Amino acid sequence: NEPLLKIENLKKNFPIRGGVFGKKVGEVKAVDDISFVIQKGETLGLVGESGCGKSTTGRMLLRLLEPSEGKIIFEGNDITTLSKQELRKIRGQMQMIFQDPYASLNPRHTIERILEEPLIVHGVKEKSARKKKVRELLEIVGLNSYHANRYPHQFSGGQRQRIGIARALSLNPKLIVADEPVSALDVSIQAQVLNLLKDLQKKYDLTYLFIAHDLGVVRHISDRVGVMYLGRLVELAESEELYQNPKHPYTQALLSAVPIADVDHKKERIVLQGDVPSPASPPKGCSFHTRCPLAMDKCSVERPIFKEVDKGHFAACHLYG
Ligand code: SF4
Ligand code: MG
């Protein structure tokens, strides 16, 4: 079975500039050699603290950001080699939902105009066809056609996220990267939007990369979950396996800090020492060793390989193998 998306050794370095001439004085490895696949119809959750590279990864998958190295294979084709023009053709198949829909909705345009725009760009010439599609999209996300003539500020946060979702769906995408789509919403609204995303997935055969900073949020929507730390993937497993049987000390610490119903917390809360190190100068060896309660001598010297430690369960840690 060919996965919908396959990421191979993906890297993104951002230059650090300094001095009067803004010369490049260093580099931040925002994403440092990660690989994973997403199967058709699945939801892969991607979790980590801010600055761990999860959003950068999501944006690279859609080539909203150019990777420094690595392959992004979508339906068997490496899209990192496509020209801008070739990319435009498949753009509609890969869409993004943002954390703050308000920032991504033009405040001076009506909802109709906002939802029409991608249709115009992709060559839907007849006004009546576009209007029909806009009405459909609004209904799909639980809004009404009378909302079409309103402006973004006239909607609540949850409704605006529904509009963001409608826009992402307008070109019948296969893959949606959702970057913290419920983080800015009230807890009571979060569940509604998550349920909507789940329903839409079933109805339209969608595949999701679902980014969040909290393991609690992604649990019920994800088939598998990956955990990132300082630009690297440190653990990846099926959702329930990850929550019941976390292998990496970082995942264990994250889980111990989030109360999750019916996950058996035999262990006490693990409080990590210190802050996340600067991505501009990550620790040598295992980048987590400065905060890991289980660190050994070799951890500060040797980088652990990301490998299968149990069936379908991957981790990068010297405690295994
Ligand atoms: Fe901790 Fe060492 Fe495993 Fe890194 S490799 S997570 S420092 S035990
Ligand atoms: Mg982010």
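The values are calculated or read from the model by the stated rules, or taken from the named source; none is laboratory data. Just so it is clear, the structure is predicted and the values come from calculations on it, not from any experiment. Reconstructed Cβ throughout: ideal geometry from the backbone, glycine too, with neighbour counts over all protein chains shown.
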Listed residues L119, L143; which is part of a loop (DSSP other than H, G, I, E, B) and among the aliphatic types (A, V, I, L, M)? L143
Over the stretch 101-116, the set of residues without any contact (Cβ under 8 Å) to a residue 24 or more places away in the chain, under 16 Å from R150 (Cα atoms) and out of contact with any helix residue (DSSP H, G or I) (no Cβ under 6 Å at 6 or more places or on another chain) is R113
From the list L46, L65, L87, L82, which one is more than 21 Å from the chain's Cα centre (by Cα), over 27 Å from E139 (Cα atoms) and of a type in the set (A, V, I, L, M)? L82
Looking at the structure I just gave you, is I34 modelled with pLDDT of 95 or more, part of a strand (DSSP E or B), within 23 Å of D223 (Cβ to Cβ) and touching a Phe, Trp or Tyr at 6+ places or on another chain (Cβ under 6 Å)? no
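Could we say that K133 is of a type in the set (D, E, K, R) and modelled with pLDDT of 95 or more here? Can you show your working first?
Details: of a type in the set (D, E, K, R): yes; modelled with pLDDT of 95 or more: yes.
Yes; evaluated as a whole, the condition is true for this residue.
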Taking the stretch 187-227 and keeping residues farther than 19 Å from I7 by Cβ, hydrophobic (A, V, I, L, M, F, W, C) and touching a residue at least 12 places away in the same chain (Cβ under 8 Å) leaves I189, V193, L194, L196, L197, L200, L215, V217, I221
Name the one entry in L255, L230 that is out of contact with any helix residue (DSSP H, G or I) (no Cβ under 7 Å at 6 or more places or on another chain), over 26 Å from L4 (Cβ atoms) and buried (at least 22 other Cβ atoms within 10 Å of the Cβ). L230
Which helices (runs of 4 or more DSSP H) does the stretch 205-299 wholly contain that include 3 or more residues that are away from ligand 1 (no atom under 16 Å from the Cβ)? 215-218, 239-244
Going through (1) touching a residue at least 12 places away in the same chain (Cβ under 8 Å); (2) within 21 Å of T57 (Cβ to Cβ); (3) more than 16 Å from ligand 2 (Cβ to nearest atom) one by one, L230 fails only at (3)
